[in-house]
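Right, one structure below, let's go through it.
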Amino acid sequence: MDRRRAPVFIVGSPRSGNNFLYHTLLSSGGFAIYRAASQVFNMLVPRFGDLSVLKNRQKMMKMWLASPYFERTALDAQSIERKVLAECRNGGDFLRIVMGEMCVQQKVERWACVGVEEILYLPEIKRTVPDALFIHTIRDGRDVALSLGKKGFITPFPWDKDRSVLVAALYWDWIVRKGREHGRAVGRDYLEIHYEDLVTSPRETLAKIGGFIEHDLDYDRIQQAAVGTVSQPNTSFSGGEEKGPRFNPVGRWKSGYSSEQLALIESLIGPLLQQLGYPLETQRKAGSPLFFKADQWLYRSFFGTKLWMKANTPLARWLVNIDTMVDEAAFRS
């Protein structure tokens with residue numbers, strides 16, 4: 001495999017800096033510029049099923065061509081529809097066709113993509129895009145939970161509507177563990193980076209990433225091109241302190257929680273935080289309330305069951321409709 005031309009997938013929990021890393025790669029030059037998430041494995045494949053079936057491809061293209069996801073490719077609708085209907089047999093084929101055509105149009109040799117929750121489909125991506133390289137962006141779960149809570153990304157059970165941040169922390173723990181499990185199976189084509197390192201030590205972190213994907217990630221050139229969130233941070237926080245040179249997305253949790261909330265958060269996700277090298281503030285002195293300990297099992301089961309249902313049952317269309325509304329809200333942000 002020629003790693004210098006291999007497609008790069010930016011994966012990880014939502015609100016972990018995935019878009020920032022993706023736009024950093026685009027700013028480096030040599031990648032097709034696509035200002036949208038792909039959402040092929042998380043949205044299109046579950047929604048339309050087996051793409052080796054012509055009628056499924058036809059239905060998919062009808063929806064996709066009417067969406068912003070197509071609009072941002074700047075491709076000719078008739079030409080790309082004809083090619084997909086003739087050659088596509090799975091989600092990997094679809095990505096290679098679409099992104100390959102964008103590479104030809106933009107006169108570059110490489111593409112990358114990012115998508116909310118695509119990390120959950122890493123085995124399927126690797127099966128259908130064998131030369132894929134994966135970069136898992138990991139961010140401090142306390143910051144992720146705070147951001148997800150503000151965005152309302154994770155919907156708590158009705159009896160937990162006042163504990164959305166705790167539920168978001170459980171989701172972060174679940175999806176990061178799932179992603180690392182898939183990554184270990186991929187082996188040398190999988191790399192983990194910490195969002196905090198990318199922000200605080202960009203040159204060293206870019207050198208590590210550049211070595212992995214065999215691409216020149218020159219920091220000064222990236223800052224000059226500054227595509228998307230490299231120049232305009234995609235923050236869930238508002239206010240003057242979030243703009244300009246004072247923008248600092250690292251360690252917001254230190255002022256974002258009460259002491260009681262922080263103790264609860266760390267009691268839930270402390271083991272994974274420590275495993276990833278994030279020191280705890282409270283040393284997990286406080287335990288979770290008994291009622292929420294029972295909820296932990298329910299939420300982890302719910303996350304896993306929802307994923308299985310999307311991949312294996314006719315309910316996928318209903319579930320994807322819900323996910324699409326969430327994703328398109330993020331798409332417009």
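The values are calculated or read from the model by the stated rules, or taken from the named source; none is laboratory data. Everything numeric here is computed off the predicted structure, so don't read it as measured data. We place every Cβ from the backbone using ideal geometry, glycine too, and count neighbours over all the protein chains shown.
Worth a mention:
- One residue from Ile10, Ile80, Ile119 being surrounded by 15 or more Cβ atoms within 10 Å (Cβ to Cβ) and over 17 Å from the mean Cα position of the chain (by Cα): Ile80
- Residues considered: Gly115, Gly183. Of these, the only one that is modelled with pLDDT of 95 or more and not hydrophobic (A, V, I, L, M, F, W, C) is Gly183.
- Selection from the range 150-163 of residues that are outside any loop (DSSP other than H, G, I, E, B) and either under 17 Å from Ser267 (Cβ atoms) or aromatic (Phe, Trp, Tyr) (or both): Trp159, Asp160
- From the list Gly287, Gly256, Gly244, the one residue that fits, being small (Gly, Ala, Ser), at pLDDT below 60 and within 23 Å of Lys150 (Cα to Cα), is Gly244.
- Note on the range 164-192: residues that are crowded, with 20+ Cβ neighbours inside 10 Å and in a strand (DSSP E or B) total 1.
- Of all residue pairs spaced 6 or more apart or on separate chains, none has beta-carbon atoms under 9 Å together with a first member in the range 171-196 that is within 20 Å of Val250 (Cα to Cα) and in contact (Cβ under 8 Å) with a residue 12 or more places away in the chain and a second member that is part of a strand (DSSP E or B) and of a type in the set (Phe, Trp, Tyr).
- Residue check, Pro279 under 15 Å from Gly141 (Cα atoms), assigned to a loop (DSSP other than H, G, I, E, B) and at pLDDT 90 or above: yes
- If the condition is being surrounded by 13 or more Cβ atoms within 10 Å (Cβ to Cβ), of a type outside the set (A, V, I, L, M) and modelled with pLDDT under 90, then the range 201-241 contributes Gly228, Thr229, Pro233, Asn234, Thr235, Ser236, Phe237.
- Arg142 vs. criteria under 30 Å from Lys254 (Cβ atoms) and either more than 17 Å from the chain's Cα centre (by Cα) or assigned to a helix (DSSP H, G or I) (or both): yes
- Listed by first and then second residue, the pairs linking a residue in the range 26-50 that is touching a residue at least 60 places away in the same chain (Cβ under 8 Å) to a residue that is surrounded by 22 or more Cβ atoms within 10 Å (Cβ to Cβ) and charged (D, E, K, R), with Cβ atoms under 6 Å apart and 6 or more places separating them unless they lie on different chains, are Phe41/Glu118; Asn42/Glu117; Asn42/Glu118; Pro46/Lys310.
Yes or no, residue by residue, for (1) modelled with pLDDT of 95 or more; (2) under 23 Å from Lys306 (Cα atoms); (3) not aromatic (Phe, Trp, Tyr):
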site	(1), (2), (3)
Ser16	no, yes, yes
Asn19	no, no, yes
Ser28	yes, no, yes
Ala32	yes, no, yes
Ala36	no, no, yes
Val40	no, yes, yes
Met43	no, yes, yes
Met61	yes, no, yes
Asp76	yes, no, yes
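- Of the residues making up the range 41-58, those that are charged (D, E, K, R), within 25 Å of Pro123 (Cβ to Cβ) and more than 23 Å from the chain's Cα centre (by Cα) are Asp50, Arg57.
- Here is the figure for the range 123-132: residues that are surrounded by fewer than 24 Cβ atoms within 10 Å (Cβ to Cβ) and of a type in the set (A, V, I, L, M, F, W, C) total 2.
- Checked against the criterion of being under 14 Å from Leu276 (Cα atoms) and either within 17 Å of the chain's Cα centre (by Cα) or at pLDDT below 95 (or both), the candidates Val176, Val165 yield just one match: Val176.
- Looking only at the range 22-77, and only at residues there that are touching a Ser or Thr at 6+ places or on another chain (Cβ under 7 Å) and under 17 Å from Val108 (Cβ atoms), the one that is surrounded by the most Cβ atoms within 10 Å (Cβ to Cβ): His23
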